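The values are calculated or read from the model by the stated rules, or taken from the named source; none is laboratory data. Predicted, not measured: the structure shown is a model, and the values here were computed from it. As a convention, Cβ positions derive from the backbone with ideal geometry for all residues, glycine included, and neighbour counts pool all protein chains shown.
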Amino acid sequence: MTYKIAVIPGDGIGREVTEQAVNVLKAVGEKFGHIFELKEVDAGGCAIDKYGEPLPAKTLEVCKNSDSVLLGAVGGPKWDTLPGSQRPEQALLGLRKGLGLFANLRPAVLHSALKDASPLKPEIIGEGLDVMVVRELTGGIYFGERGRDNDSAFDTEKYSVGEIERIARVAFEIAMKRNKKLVSVDKANILESSRLWREVVTGLAQEYPEVEVSHMYVDNAAMQLVKNPRQFDVIVTSNMFGDILSDEASMITGSIGMLPSASLGTGKLGMYEPVHGSAPDIAGQDKANPIATIVSVAMMLRYSFNLGKEADAIERAVGNVLDKGYRTGDIMSKGMNLVGTREMGELIISEL
Ligand code: IPM
Ligand code: MG
C-alpha cells in the first residue's frame, strides 16, 4: 500500500523531532513493506517568514490531498508580537478547521520506566497512569464570535447538539475499547452551553449502556486530576477545558516530551503531533526529545491507516530503549545514559 503523508516540521524543535519521526516512518515502511510518500510543507512562523501568512493555501491543499498529516510544532518569540489573527498558532486552528478535525485525542500515559518523573507523590501515582483526554477541537470559544466593543472585549462559547454528539460519540467508542469508564467535564452549574453538553452526553449514553458515565465540573476535575488521577480513564470535554486539562494531565506524567496526540475527523485523514510546543530555548541543539513525535507516528499508523502491528512495533521499540536506560535531557535521571535527539531516534530505529 502507498500512503501519502504531508509533513509540517514547523518551527523550533519541531524540525528536529520531525526529522527523527520521519526516519522511523521510513524504517517501518522498509520493515513492513509499505510505501510512505512524504511531502514537506510549511506552516507556522516559517511560513510567515517565507509567504507572509501562517497557513498558506498550498499547505492546506497538500494536507487535504494527503492520507494524513504529521506536524512538529509551530510558534516562537520571533512572531509573538504579531496581531492575534496573524500569529503562527493560527496555522494550527486553520488546519484543524480546514481539515474538519473535530476530535483531539491526547493520551497521558506514564511509562513504567519513568515513574519517578511524575511531580506527584509515588503513593498517588501508584503503578502508573493511563488517561485519554478527548477534546473537542473545532468549536466552542476558540471559534465563536469575538471582538472589541469600546473598552470591552468578548469571546463566545457556542456548541450545537451535532457538535457535542459527534465528539461524545468518539469518546464513547474509545471508552468501549478501553475500560468502559467515561467522565464528561463541563461547567453546567454556570454555562448554558455546558448544560446542553451534559444533556447531549446523557442522551447518547443510552446507546452505550455498558459505559459507566459520570459528569464533573471542570474546576473539580482539575483538582481530582492531581488528587487521584487513577480514577480517570477517558475524559471528554470542550475545546477550552480540554486545552487546559490535557496540559495538566500531561504534566502529571512528568514528561510532556513523551506524549503524542491525534486530531481526527469523520474520515481516515488525521493530523498527528506531539503535545509539546516548539521549545525555542533548546531549538537546534540536538537536545529535544523526539519520542512524542515518534509515538505520534504510531498513532497515525493505528488510527488513520489501521496498521496496528506496525504501531505496536514502534511503541515497543520506544519502551525497549527506555528500559535500556537511554534518556534525553527532559526525562534524565541519575544513572541513566543521556542522549541527544538524533541518537534517540537512531536507537529507536535499531530496536525496530
Ligand atoms: C494546544 C495548543 C494550541 C491550542 C495553541 C498553540 C493554539 O495550546 O494544541 O493545546 O490552544 O489548542
Ligand atoms: Mg494547549
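General observations
- Residues located in the stretch 56-107, provided they are free of Cβ contacts under 8 Å to residues at least 60 places away in the same chain and of a type in the set (V, I, T): T59, V62, T81
- Subset of the stretch 327-350 [buried (at least 20 other Cβ atoms within 10 Å of the Cβ) and not β-branched (V, I, T)]: R327, M344, G345
- Of the listed requirements (1) touching a strand residue (DSSP E or B) at 6+ places or on another chain (Cβ under 9 Å); (2) surrounded by fewer than 21 Cβ atoms within 10 Å (Cβ to Cβ); (3) among the β-branched types (V, I, T), T81 misses just one: (1).
- Residue match in the stretch 78-85 (condition: out of contact with any Asp or Glu (no Cβ under 9 Å at 6 or more places or on another chain) and either at pLDDT 95 or above or closer than 23 Å to A313 by Cα (or both)): no
- Test: residue in the stretch 145-166 that is of a type in the set (A, V, I, L, M) and in contact with a Leu (Cβ under 6 Å, 6 or more places away or on another chain): no
- Restricting the stretch 137-151 to residues that are in contact with an Asp or Glu (Cβ under 9 Å, 6 or more places away or on another chain) and within 11 Å of ligand 1 (Cβ to nearest atom), the residue that is nearest to L196 (Cα to Cα): G140
- When the stretch 313-326 is limited to residues that are of a type in the set (G, A, S) and in a helix (DSSP H, G or I), the one that is surrounded by the fewest Cβ atoms within 10 Å (Cβ to Cβ) turns out to be G319.
- Per-region count, the stretch 256-278, residues hydroxyl-bearing (S, T, Y), surrounded by 24 or more Cβ atoms within 10 Å (Cβ to Cβ) and more than 15 Å from ligand 2 (Cβ to nearest atom): 1
- Candidates are the residues of the stretch 213-244 that are touching a residue at least 40 places away in the same chain (Cβ under 8 Å) and among the small types (G, A, S); the one that is nearest to ligand 1 (Cβ to nearest atom) is G242.
- Among residues of the stretch 277-312, those that are in a loop (DSSP other than H, G, I, E, B) and either under 17 Å from P77 (Cβ atoms) or not assigned by TED's automatic domain parsing to the domain that holds T2 (or both), counted: 7
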